[in-house]
Structures are given as C-alpha cells and as structure tokens.
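These notes concern the structure reproduced below.
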Amino acid sequence: MLPDFDRFGRRAEALMARVEGVLGRVEALLPPRAEDPDWASVVAARWRRRGSAGQLHAVARPHAIEFDELVAVDAQKAAIDRNTRQFVLGLPANNVLLTGSRGTGKSSLVKAMLARYANEGLRLIEVDKSDLVDLPDIVERIEARRERFIVFCDDLTFDAGEAGYKALKVALDGSIAGPSGNVLIYATSNRRHLLPEYMSENLETRHVGDEVHPGESVEEKISLSERFGLWISFYPFSQDDYLAAIDVWLAHFGVPPAKSAREAAERAREAIQFALQRGSRSGRVAWQFARGCAGARGLASRAVAARGRKAKRPRA
C-alpha cells in the first residue's frame, strides 16, 4: 500500500507553521538589533559581543594624537602614512602589522592616522582578539559604506589553537569571498609572528644540502604574519630620543621650556631617573613623565595662588 503523501505533506506544513510561530514568539522576546553608528558623524567605534550577537558601539571621545607629536619614529611614520594615504584615496594599500618594543608608539601611530584622515573619510573600528571570529560580520556591515575603515587589533598575540587565529588568517587572505575594498586590518604586537616561539621548534629544521628548511611549526607561525602586506618594526629609544619625546609631551601639556641651562639639566636628570625606575626608555614613559611633571607644576601653582589669596584677606 502506497503511503498517503498528501497526508504527510499536510502534517509537514502544519509542523512548519507551528515552528515558525514559536520562532516568532522567541524573536519577540529578544532585544532588537542595535543600530550601527552614524558614520557621517562617528569616526571610531568598538565591536562588543553581547551573548550571541555583536554590536558596534560609537566611541564618544576618540583618543586623538597629533602626527607631529610622535618623535624618534620618522621612518615608521612615513611608511604607515603612505599606506593610509593610498587607502583613503581609494588606491591599493596593504594590511599593516606593527611590531617591536613596548611603548614605542605602535598604537599611537594608528590613532594618529585617524586624527590625520578622519575628515577625509577614514574610520576606525577596534576589535578585541577574542572577537576576531566576528570579522566577517563586521565587514558585512560596512562594506557598502563610502567611508574607508581600519579594523584595529591592539596588542595582538595568540596561543596555539585559538579561534581568532584562524579567523584572522581567513580575513587577511584565505576566504572564498574577495577582500572588501574599503576595509584594512591594522594590528600591533610585541611578537613579530604573533605566536609564542619555542626552542624545541628549532629541532624541526632540516638541512638539505646548503639550504635550511624550517619545520612545519615555524612555517605555520610565519604564515599568519606574512599575510600582512606591510611590516613596520619599532625599536627601543636612545637617551636622546627619549629626552626629545619628553620635550614634545611637556609642550603638549603646556609646560614652558626650561629658562636656563641649569633648569634644563635638572629636568633631564629627573627624566632619566624616572626612566631608570621604570626600566625602560620609550615614548610611553616620556608621556608619563611629562604628564606627572605638568600635574606637579599645576598643583604648585595653585598652592602659590591659594597662599596669595590668604595673605590678602583682611585680618579681623
């Protein structure tokens, strides 16, 4: 006896109708998808995951850093500025990996690009390492926009097997979909190849005649970093570079230049002592010293003003 296909079909239709009804009620309980930022007025945003969905949150006060305030990194500034300029003008440009010593201006240089080119349509989206698996969703939201977007991943390092590692590889060069013309990835890291390197991996190296062939573990680690078309390396500051950076940041915070050679020497001595305490000479340490110095001068000025007002009060 042949099965009653009409009866089965009616049951399937009824079941599908019930499923759609249940889904509709569940969707009604879920919060609505947040609107994307108004990119005509917003220049920076963060991608934040809430449960199973991610959202773009506008940054109300982006950290604006002037391009000329970054010293001792002239070659690095020229390289990233040229690449970003190409991108903003709609010309071919590369994804960028900035690596090297801590505190030397890697992240600051990316932020300076936003301040320099925001009026020409450049926008910045900050994405945490743990959210890199959402890169396809982020690109889908912005690929039809006329603005040019930099997806910024700061202090990027991976451990073996992390999901974000493979997601970033695919986003850089490896998806069946072509790259979006208005999106680039800029990443900073203290590691050149973004992954920890172990002594045991050197044992995998093979010698074929006069040639040296790295092992598979090394090749896998290199395969991610080499997908960035532009590598920019940063190095520790010399003492002269460090003191030059302090002069720039002191001026930024409104501290006037030293009035005498003696005052300049005393200020340099304090700055060097500060760097020795921190165990590092870098742009970040210079900024911290200048910030503390400016605050201390301001506090002293207020104390002097308060004593002057107190002295002028008439005695009872």
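Give the stretch 263-316 a look and list any residue that's under 18 Å from residue 105 (Cα atoms) and β-branched (Val, Ile, Thr), or say none. Write out each step before concluding.
We begin by selecting, within the stretch 263-316, every residue under 18 Å from residue 105 (Cα atoms); these are 275, 278-291.
285 - this is the single residue of the stretch 263-316 that is under 18 Å from residue 105 (Cα atoms) and β-branched (Val, Ile, Thr).
Just give me the residues in the stretch 232-242 being touching a residue at least 40 places away in the same chain (Cβ under 8 Å), out of contact with any Gly (no Cβ under 6 Å at 6 or more places or on another chain) and not in a loop (DSSP other than H, G, I, E, B), in sequence order.
232, 239, 241, 242
If we keep just the residues of the stretch 101-117 that are open to solvent by less than 20 Å² (accessible area, probe 1.4 Å) and out of contact with any helix residue (DSSP H, G or I) (no Cβ under 7 Å at 6 or more places or on another chain), which is nearest to residue 285 (Cα to Cα)?
Within the stretch 101-117, the match that is nearest to residue 285 (Cα to Cα) is 106.
Please give the strands (runs of 3 or more DSSP E) falling wholly within the stretch 120-210 in which 3 or more residues are at pLDDT 70 or above, open to solvent by less than 40 Å² (accessible area, probe 1.4 Å) and of a type in the set (A, V, I, L, M, F, W, C).
122-126, 148-153, 183-189
Taking the stated definitions as given, is residue 99 part of a strand (DSSP E or B), in contact (Cβ under 8 Å) with a residue 24 or more places away in the chain and out of contact with any Leu (no Cβ under 8 Å at 6 or more places or on another chain)? Explain how you work it out, then say what you get.
Values: part of a strand (DSSP E or B): yes; in contact (Cβ under 8 Å) with a residue 24 or more places away in the chain: yes; out of contact with any Leu (no Cβ under 8 Å at 6 or more places or on another chain): yes.
Spelling it out, residue 99 is indeed part of a strand (DSSP E or B), in contact (Cβ under 8 Å) with a residue 24 or more places away in the chain and out of contact with any Leu (no Cβ under 8 Å at 6 or more places or on another chain).
Among the residues of the stretch 102-115, is there at least one that is β-branched (Val, Ile, Thr), closer than 23 Å to residue 82 by Cα, assigned to a helix (DSSP H, G or I) and in contact with a Phe, Trp or Tyr (Cβ under 6 Å, 6 or more places away or on another chain)?
Yes: the stretch 102-115 contains one or more residues that are β-branched (Val, Ile, Thr), closer than 23 Å to residue 82 by Cα, assigned to a helix (DSSP H, G or I) and in contact with a Phe, Trp or Tyr (Cβ under 6 Å, 6 or more places away or on another chain).
When only residues in the stretch 36-48 that are open to solvent by 30 Å² or more (accessible area, probe 1.4 Å) and outside any strand (DSSP E or B) count, which is modelled with the lowest pLDDT?
36
If we keep just the residues of the stretch 49-86 that are assigned to a helix (DSSP H, G or I) and open to solvent by 80 Å² or more (accessible area, probe 1.4 Å), which is farthest from residue 232 (Cα to Cα)?
68
The values are calculated or read from the model by the stated rules, or taken from the named source; none is laboratory data. Keep in mind that what you see is a predicted model, and the values were worked out from it rather than measured. Cβ: placed from backbone, ideal geometry, glycine included. Neighbour counts: every protein chain shown. Keep in mind that these areas ignore ligands, DNA and RNA; they rest on the heavy atoms of the full protein, side chains included. Shrake-Rupley method; radii C 1.70, N 1.55, O 1.52, S 1.80 Å.
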